[in-house]
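Notes follow the structure.
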Amino acid sequence: MDFLTALRISGAGLGVERTRVNLATSNLANAETTRTAEGGAYKRLDPVIQAVPFPAELGEAQSLGSPPMKAEIAAIVADQTPGRKVYSPGHPDADPEGFVVFPNVNPVHEVVNLMSASRSYEANATAIDTLKTMAQRGLDIAR
Amino acid sequence: MSIERTQMLSPPVGNIGTEHRAPTPTDEGKNVGPGSFAETLGNALQKVDGMQMDADAQAEKVALGGGNLHEMSLALEKADVSMRLAMKVRNKLIDAYQEIMRMNV
Amino acid sequence: MKIFDTTLTRLEEALDVRLVQHNVLAGNVANADTPGYRPKALDFSQAMAAAEQMFAGEGMASTSARHLGPAGEEPGAASSRASTAATQLIRETPGTSPSIDGNEVDLDRTMAGLAENSLQYGASARAAGKKLAILRYVVSDGGS
């Protein structure tokens, strides 16, 4: 368990949070997109985050404890919740009954996600900063 | 930090009686009686050498990208201190030898 | 030659365990948004006690390459034993802030833990460095 491991764990955390931010901003930007390449309205994207055990670098000793895990994005899935329908017969994307399907994006929800991801990103960055300080102190032992 | 440190600088007086001639630096490695000064010196020098190798191994580990920074620093510092001490002992021994050789017998 | 006493060994062990502790806490921070994740924790005093036991069980610490350990270990293995002992003591703990998605990491407490750990690491490193500096000073007859 050393500096490199800690750096990789925090680095992975940064990556996960950045992806969350990207997805939240993408959802917000497409909150009114009624037409997509795959047909139909934009569906909001959700990250699936999972914790993965770090590759065993200490040999069997690691299997006895409960090693620290890093986080990673397992997948990005589209939210299949049907979007809201608005009656608007003049709209170019209106269906035969005159309803337009708008994306299932709730801007408030996305902004909250954005803030949470931003906070976690900062926390990971602070963890790396802390590690840098510790490394400096460790090296200072040898003047 | 203990008294053993200063014991390094002056040979155990009692052991000199078990030998049949005055110890010289070149005696290192030769068997001059059990628990002799030469043996003590030899062991100590082996330990110093061991610490140097320890420091080398740690530095290599870090150079190759893995390794533990504070472990490396500590190993280097210990190697530094032990080598300085060994040098002091060596100088004192040579001084003592020269002193003895100067004696009119 | 017992120039390096037990205090220095304790400090070395402390440095190793603190580094493991950082890894544990960083892992919790990285997983602050993973659904269903249960935070991990390491009890510092427990880990230090275990490290001391491991050290005592081997008799003299073999920091020399010439003195092969029980399994013919390589140099520098003495202090990484503390690291191994600590790693074995990492446990999952019930979190203090359960949320809807099952994630139980308390980010604020974890960040505070990281700060404290870093401070203690720095203190132990400073102490070890100072001890060795004193030795160097003595050995060099007051030189540098």
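The values are calculated or read from the model by the stated rules, or taken from the named source; none is laboratory data. As the structure is a prediction and not an experimental result, all values here were calculated from the model. Glycine gets a Cβ as well: all are built from the backbone with ideal geometry, and neighbour counts include every protein chain shown.
Could you list, ordered by first residue, the pairs with Cβ atoms under 7 Å in which the first is in the stretch C:3-26 and away from chain A (no Cβ under 12 Å) and the second is of a type in the set (A, V, I, L, M) and part of a loop (DSSP other than H, G, I, E, B), at least 6 apart or interchain?
These pairs meet every condition: C:D5/B:M1; C:T9/C:A61.
State yes or no: is C:G122 crowded, with 17+ Cβ neighbours inside 10 Å, more than 9 Å from every other protein chain (Cβ to nearest Cβ) and at pLDDT 80 or above?
In short, no.
What single numbered condition from (1) modelled with pLDDT of 70 or more; (2) part of a loop (DSSP other than H, G, I, E, B); (3) more than 11 Å from chain B (Cβ to nearest Cβ) fails to hold for C:G69?
So the condition that C:G69 fails would be (1).
Just to be sure before I move on: is B:A75 within 12 Å of the chain's Cα centre (by Cα) and either part of a helix (DSSP H, G or I) or surrounded by fewer than 20 Cβ atoms within 10 Å (Cβ to Cβ) (or both) in the structure I sent?
So B:A75 does not fit the description; no.
Pairs, please: C-beta under 8 Å, at least 6 apart or cross-chain, first residue among the acidic types (D, E) and in the stretch A:75-87, second assigned to a strand (DSSP E or B) and surrounded by 13 or more Cβ atoms within 10 Å (Cβ to Cβ)?
These pairs meet every condition: A:D79/A:L45; A:D79/A:D46.
Consider A:P47 carefully, then state whether it is under 30 Å from B:A63 (Cβ atoms) and within 13 Å of chain C (Cβ to nearest Cβ).
no
Quick check: anything in the stretch B:62-78 of a type in the set (A, V, I, L, M, F, W, C), in contact with a Lys or Arg (Cβ under 8 Å, 6 or more places away or on another chain) and at pLDDT 90 or above?
yes
Working only within the stretch C:87-103, note down all residues that are more than 7 Å from chain A (Cβ to nearest Cβ), surrounded by fewer than 18 Cβ atoms within 10 Å (Cβ to Cβ) and at negative phi.
Of everything in the stretch C:87-103, those that are more than 7 Å from chain A (Cβ to nearest Cβ), surrounded by fewer than 18 Cβ atoms within 10 Å (Cβ to Cβ) and at negative phi turn out to be C:T93, C:P94, C:T96, C:S97, C:P98, C:S99, C:I100, C:D101.
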